Amino acid sequence: MSLRCDNGHTFDVARQGYVSLLDGRSASLRADTAAMVAARARVHDTGFFTCVVDAVADRTRRFGTDVPRPVVLDAGAGGGHYLRAAVGALGDDARGIGIDLSKYCARAIARGTPPHAAIVADIWRGLPMADEGVTVALSVFAPRNGAEFARVLRPDGALIVVSPDADHLAEVVGPMKMLRVDSAKSERLHAALDEHFEVIESAPVRAAVDVDAATVGDLVAMGPSAFHSQETDIRSRAADLVGTGTIPVTISVLVTTCRPKVLGRRAVAQRSAD
């Protein structure tokens, strides 16, 4: 099976069920490895991020239930855990599309339960979606291309952004030599979105979850910190920190829901016409 664009380019669907739209311009970018995807799946299997998954599903439900055949787009979708929760919140008619730079993430999305459409692409080169075709867009611990999100969303659609607070995973960041959250992350979030979106809700999600050494190691191995440490070092540090028991680890994120500003402009124009 192949896909063809208006310019005549052909893209083959891999036997694993995804399509890659990457070209040489994105070859130098660092993408999640198979080991990182497996570690993330194990963390989700423990239920560690359930409160975040539930928050995404809840906010999706508020904006997509009245739309026929709603479409959920997750840009930077990882293994598709948040995408599946969001689509599940909208019922059997909903469709999901996951985009990630990693082919291993795309494989997980395409082969998950349930499977969804999976695309390997660089979101900074544009989202391969039609204008105003998406009901809800997700950006969970991922980069945000504000202009492209605004283009692909319906005027009454919503963008749901999940970003870590400074104390996210606080108990393990130092001992495990993980990358720290940028103190200016909130300012960068608004800078990326303010031109195209208005924030309609922003709420923290916090929890403390007891985890063992294996899960602490997977929390490191699933993310960008894994690029800076050897697997054996990660597991050794986790064992030293936790031992044979468990420790509480903080989940602290901000869930922000935005609407395209074009909706407000259209509403004003309609009132003027009336």
Item to check | Enumerated helices (runs of 4 or more DSSP H) restricted to the range 203-273, each holding at least 1 residues that are at pLDDT 95 or above | outcome: 213-221, 231-242
Next on the checklist: For a quick check of your reading of the model, give me the residue pairs whose first member lies in the range 6-31 and is surrounded by 10 or more Cβ atoms within 10 Å (Cβ to Cβ) and at pLDDT below 85, whose second is among the β-branched types (V, I, T) and not in a loop (DSSP other than H, G, I, E, B), with beta-carbon atoms closer than 7 Å and at least 6 apart or on different chains.
Outcome noted: F11/V19; V13/V19
Checklist entry - When the range 25-57 is examined, which residues are found to be among the charged types (D, E, K, R) and under 20 Å from L101 (Cα atoms)? => result R25, R30, D32, R40
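Tell me, yes or no, whether the range 38-46 has at least one residue that is on the phi < 0 side of the Ramachandran plot and more than 18 Å from the chain's Cα centre (by Cα).
Taking the range 38-46 and keeping what is on the phi < 0 side of the Ramachandran plot, we get 38-46.
If we keep only those that are more than 18 Å from the chain's Cα centre (by Cα) as well, we get 46.
Within the range 38-46, one or more residues are on the phi < 0 side of the Ramachandran plot and more than 18 Å from the chain's Cα centre (by Cα).
Out of curiosity, is D131 surrounded by fewer than 16 Cβ atoms within 10 Å (Cβ to Cβ) and outside any loop (DSSP other than H, G, I, E, B)?
Details: surrounded by fewer than 16 Cβ atoms within 10 Å (Cβ to Cβ): yes; outside any loop (DSSP other than H, G, I, E, B): no.
Criteria not met by D131.
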Checklist entry - Which one of A142, A137 is assigned to a loop (DSSP other than H, G, I, E, B), surrounded by 15 or more Cβ atoms within 10 Å (Cβ to Cβ), in contact with a helix residue (DSSP H, G or I) (Cβ under 9 Å, 6 or more places away or on another chain) and of a type in the set (A, V, I, L, M, F, W, C)? => result A142
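Give R61, R40 a once-over and let me know the one that is touching a residue at least 12 places away in the same chain (Cβ under 8 Å), of a type in the set (D, E, K, R) and in contact with a helix residue (DSSP H, G or I) (Cβ under 6 Å, 6 or more places away or on another chain). Talk me through it step by step, then tell me what you get.
Working: R40 fails: in contact with a helix residue (DSSP H, G or I) (Cβ under 6 Å, 6 or more places away or on another chain).
Criteria check complete, one pass: R61.
Please state which one of R69, R154, R59, R107 is basic (K, R) and assigned to a strand (DSSP E or B). Explain how you work it out, then say what you get.
Details: R69 fails: assigned to a strand (DSSP E or B); R59 fails: assigned to a strand (DSSP E or B); R107 fails: assigned to a strand (DSSP E or B).
That would be R154, the only listed residue that is basic (K, R) and assigned to a strand (DSSP E or B).
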Next on the checklist: I'd like to check something: does the range 75-82 contain any residue that is part of a loop (DSSP other than H, G, I, E, B) and over 27 Å from L29 (Cβ atoms)?
Outcome noted: no
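The values are calculated or read from the model by the stated rules, or taken from the named source; none is laboratory data. On a predicted model such as this, the values are computed, not experimentally measured, just so you know. With ideal geometry, Cβ positions are generated from the backbone for all residues, glycine too; neighbour counts draw on all protein chains shown.
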